[in-house]
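The values are calculated or read from the model by the stated rules, or taken from the named source; none is laboratory data. Predicted model only: the values in this text are computed from it and were never measured. All Cβ positions, glycine included, derive from the backbone under ideal geometry; neighbour counts span all protein chains shown.
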Amino acid sequence: MTRLTYRSLCFVGFAGCVAGLAFALVLQHGFGFEPCPMCIFQRVAMAFAGFGFLGGALFVPKAAGRGAWIGIAVLGALAGAAIAGRHVWLQGLPPDQVPACGPTLGYLLDMLPVGEVVTLVLKGDGNCAKIDAAFLGISLPGWTLIAFIGLSLYALLIPKLARRYSIFS
């Protein structure tokens with residue numbers, strides 16, 4: 001039987017985050033889908049979760065440290081799920097309730113403090129409510145929400161899987 005170590009399980013999580021970010025970049029640069037500010041925040045959350053998985057894969061600390069790396073991965077994935085959930089909610093609003101389109105993220109960052117930018121982006125705007133593409137009836141933010149939920153559950157299962165299938169890290 002193949003040994004599933006904490007390190008290898010964390011590396012799989014990291015690879016999943018890299019694949020998600022790579023897919024987003026292919027959609028942007030290969031197919032011309034320009035990301036809205038919420039999409040960019042979801043990318044940051046995916047990178048943060050990937051950082052947690054990578055830390056767990058590289059450093060393989062003892063039990064308390066492992067919990068910290070998994071916590072970072074879970075925190076990033078849950079933050080991404082919250083942002084993606086808000087994005088899906090905005091896309092489900094009736095057209096007359098969709099907020100007006102706002103300025104670009106670059107402009108907001110140039111003109112406002114970061115805290116205000118985060119607040120404005122999380123409120124969403126008309127750009128975030130557009131559905132550019134769907135697969136199996138689910139929009140891109142919907143698939144991202146599913147991916148973030150899967151990553152958080154996977155991260156929470158890593159310690160159990162590593163204990164069950166391996167004697168040592």
Handout entry: Which listed residue, of Ala22, Ala68, Ala15, Ala79, is at pLDDT 80 or above, crowded, with 18+ Cβ neighbours inside 10 Å, part of a helix (DSSP H, G or I) and among the small types (Gly, Ala, Ser)
Key = Ala79
Problem - Some residue of segment 27-45 being farther than 22 Å from Val114 by Cβ, under 12 Å from the mean Cα position of the chain (by Cα) and at pLDDT 90 or above - result: no
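Please pick out the residue among Leu145, Leu161, Leu156, Leu151 that is aliphatic (A, V, I, L, M), surrounded by 13 or more Cβ atoms within 10 Å (Cβ to Cβ) and at pLDDT below 90. Step through it out loud before you land on a result.
On the way: Leu145 fails: at pLDDT below 90; Leu156 fails: at pLDDT below 90; Leu151 fails: at pLDDT below 90.
Selected residue: Leu161, the only one of Leu145, Leu161, Leu156, Leu151 that is aliphatic (A, V, I, L, M), surrounded by 13 or more Cβ atoms within 10 Å (Cβ to Cβ) and at pLDDT below 90.
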Practice task
Might you check whether a residue that is among the acidic types (Asp, Glu), modelled with pLDDT under 90 and in a helix (DSSP H, G or I) occurs anywhere in segment 90-101?
Solution key: yes
